[in-house]
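Read through the structure below, which is laid out as structure tokens, and then see the notes.
The values are calculated or read from the model by the stated rules, or taken from the named source; none is laboratory data. Keep in mind the model is a prediction, meaning the values are calculated, not measured. Using ideal geometry, Cβ is built from the backbone for each residue, glycine included, and neighbour counts are taken over all protein chains shown. Areas reflect the complete protein model, heavy atoms only, side chains present, ligands, DNA and RNA absent. Shrake-Rupley method; radii C 1.70, N 1.55, O 1.52, S 1.80 Å.
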Amino acid sequence: MAALTKNIRTTLEMIKIEHTLFALPFAFLGAVLAAGGVPTAWQLVWITVAMVGARSTAMAFNRIADKDYDASNPRTKSRAIPAGVLSVGFVAAFTIISAGIFICAAAMLNRLTLILSPIALASITIYSYTKRWTSLSHLVLGWCLAIAPTGAWVAVRGAIDSPVPLLLSLEVLLWTAGFDVLYACQDYDFDRREALYSIPARFGVARALWISRGLHAGAFATLVALYFVTKLGPLAVIGVSATGVLLVYQHTLVRANDLRRLNAAFFTTNAFVSVILFVTFGGAVFIKR
């Protein structure tokens, strides 16, 4: 039992369970916008379970798919599988259980979420292989996270009956792709050596930074469009403005010849974006009622 507990704890560290913070506020925001207020406790519980199950599946599967690359990359060779801390079999079992939890949660919400759940699972597993054949892998990752707000909307309403969740999902897609391009800059040399596809490997770090800025400009424009569609008032304007400031600040931290502050740009700034939008847009829903 002690060994099992240790393995589970190590697995949770491996998949960085705390980084669910990136996507969970967007799912909650999608649910709040769909409900026009607070969704039912049943919906909130199973949306949360679905999010944790989906992200755990995605991260664990990715660690299995990339184990050989991780072993040869100085930045990732200390990860649990290449370091021999966890076996592939154990992580595979964890992946299957997590996928089962996700499907169960989808079934507990409504019929449409259950019908769509295989698409979500296929997306988050296929992503792990996209870097082997396309530089658009960053957009595929964005798509995987973008499922969350529309999925939560469907969980509450049982239908996609508004452009609101689609705009929110598009914002998440572009935002995620933009910061993933930034993150990939630190693997520029490795990706080129291993013939892996990424925007930095294809275009160089300097151009990749401009592509990331373009994606984030698109994310901001989409957020502005979301504000005009929802008409949620001053608090939502604060959210839009704060997000714009954070996106600009994120790009001031990184230079083509200086990636030392990349982790601050990637983790700290991005965690704030999702929480700020949830608090401001979600709070604006209650003010408008």
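Listed values, structure above:
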{"quantity": "Matching entry among LEU262, LEU226 (being open to solvent by less than 20 Å² (accessible area, probe 1.4 Å) and farther than 18 Å from ALA184 by Cα)", "calculated": "LEU226"}
{"quantity": "Test set (1) farther than 14 Å from VAL181 by Cβ; (2) assigned to a helix (DSSP H, G or I) - ARG132 fails condition number", "calculated": "(2)"}
{"quantity": "Among the candidates TYR183, TYR129, residue that is surrounded by fewer than 20 Cβ atoms within 10 Å (Cβ to Cβ) and farther than 23 Å from ALA31 by Cβ", "calculated": "TYR129"}
{"quantity": "The one condition in (1) over 29 Å from TYR227 (Cα atoms); (2) touching a Lys or Arg at 6+ places or on another chain (Cβ under 8 Å) that SER137 fails to fulfil", "calculated": "(1)"}
{"quantity": "Enumeration of residues in segment 21-65 that are part of a loop (DSSP other than H, G, I, E, B) and either over 13 Å from the mean Cα position of the chain (by Cα) or of a type in the set (D, E, K, R) (or both)", "calculated": "GLY36, GLY37, VAL38, PRO39, THR40"}
{"quantity": "Residue check for VAL181: under 15 Å from VAL32 (Cα atoms) and either assigned to a helix (DSSP H, G or I) or out of contact with any Ser or Thr (no Cβ under 6 Å at 6 or more places or on another chain) (or both)", "calculated": "no"}
{"quantity": "Complete set of residues in segment 58-112 that are of a type in the set (Ser, Thr, Tyr), in contact (Cβ under 8 Å) with a residue 12 or more places away in the chain and open to solvent by 50 Å² or more (accessible area, probe 1.4 Å)", "calculated": "TYR69, SER72"}
{"quantity": "Unmet requirement for TRP153, which otherwise passes all of (1) open to solvent by 50 Å² or more (accessible area, probe 1.4 Å); (2) aromatic (Phe, Trp, Tyr); (3) in a helix (DSSP H, G or I); (4) farther than 19 Å from LEU215 by Cα", "calculated": "(1)"}
{"quantity": "Residues that are open to solvent by less than 20 Å² (accessible area, probe 1.4 Å) and in a helix (DSSP H, G or I), drawn from segment 231-243", "calculated": "ALA236, GLY239, VAL240, THR243"}
{"quantity": "Test for ARG202: is it free of Cβ contacts under 8 Å to residues at least 24 places away in the same chain, open to solvent by 10 Å² or more (accessible area, probe 1.4 Å), closer than 27 Å to VAL254 by Cβ and in a helix (DSSP H, G or I)", "calculated": "no"}
{"quantity": "Subset of segment 135-149 that is open to solvent by 20 Å² or more (accessible area, probe 1.4 Å) and farther than 16 Å from ARG55 by Cβ - its residue that is farthest from the chain's Cα centre (by Cα)", "calculated": "LEU136"}
{"quantity": "Number of the condition not met by ILE119 [criteria: (1) surrounded by fewer than 16 Cβ atoms within 10 Å (Cβ to Cβ); (2) at pLDDT below 90]", "calculated": "(2)"}
{"quantity": "Test: residue in segment 157-175 that is in contact with a His (Cβ under 8 Å, 6 or more places away or on another chain), open to solvent by less than 40 Å² (accessible area, probe 1.4 Å) and closer than 19 Å to LEU277 by Cβ", "calculated": "yes"}
{"quantity": "Candidate set from segment 108-126 (those that are among the hydroxyl-bearing types (Ser, Thr, Tyr) and under 19 Å from PHE61 (Cβ atoms)); member that is farthest from the chain's Cα centre (by Cα)", "calculated": "SER117"}
{"quantity": "Exclusive hit being of a type outside the set (Gly, Ala, Ser) and outside any helix (DSSP H, G or I), set THR125, THR76", "calculated": "THR76"}
{"quantity": "Residue in segment 190-198 that is open to solvent by 20 Å² or more (accessible area, probe 1.4 Å), assigned to a helix (DSSP H, G or I) and touching a residue at least 12 places away in the same chain (Cβ under 8 Å) present", "calculated": "no"}
